[in-house]
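Beneath this line is the structure, given in structure tokens, with notes to follow.
Any read-out appearing in this document is the output of simple, stated calculations on the displayed coordinates, not a laboratory observation. Computed from a prediction, not measured in an experiment: that's the story for all the values here. Using ideal geometry, Cβ is built from the backbone for each residue, glycine included, and neighbour counts are taken over all protein chains shown.
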Amino acid sequence: MTQESDVDSVIRQRIRSLRVARGWSLDSLAARCGLSTSTLSRIETGHRRIALDQLIPISRALDTTLDALVESSADEDVVIRPQPGQSQGLTTWILSSDDGLYGKTVAKLRITPDRPQQLGVHPGRDWFTVLTGIVRLELGERTILVHPGEVAEFSTMVPHAICAHEAPVEILSILNHDGGRAHLHSESHL
């Protein structure tokens, strides 16, 4: 099997899977993307070559991107084996691949009370959920206690610090590019 036919097969499978997941018939998807039902059926079954002028309306109708339909299906190792990174009072495990989930970095952080508190500012938003312990979120002039199972989301243009309150805490955080750079790759993070 050639690489081109492998890609075609993946695209066909994704179109059909997305259509079925939405509970749409061939007729329904065909009407939404302006193609005939028979053309769409032949695309899904491999009896018609896939053309770019067909993929664009199909991807729009399925509310996905052209990139998502055609991206490589090569599954590298799907298991991420995070290695801990450490600095004073902080252990970090990066839980997403290098390219991150839609430009986001997912990280598990363990923060101890001896972590130096330094308010930081950077573009974007931070999001975290507390797994264990109580987080003391210093946010501008406010101090907010965030308990296990609770979630905090805030603008990072406000001076902020995420601290352990009285005992070690573990959080799961999703950071955009700026947040990942500020919180995970500099000594003055968190």
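Taking 0.36 nm per intervening residue step and subtracting the Cα-Cα distance, what contour gain separates I144 from R22 on full extension?
Extra length available between I144 and R22 comes to 39.8 nm.
How big, in percent, is the set of alpha carbon pairs in region 99-162 lying more than 19 Å apart? Walk me through the numbers on the way to the answer.
Values: 687 of 2016 pairs.
Cα-Cα pairs in region 99-162 separated by more than 19 Å: 34 percent.
Obtain the nm distance between the two label points defined at D53 and Q13 by a simple spin-label model: each point lies 7 Å from its Cα along the Cα-to-C-beta direction.
3.0 nm
Evaluate the Debye formula for region 33-154 with equal point scatterers sitting on the alpha carbons, no solvent, and hand back log10 of I(q)/I(0) at q = 0.10, 0.13, 0.15 Å⁻¹, in q order, two decimals.
Taking Cα atoms of region 33-154 as identical point scatterers yields -0.57, -0.75, -0.85.
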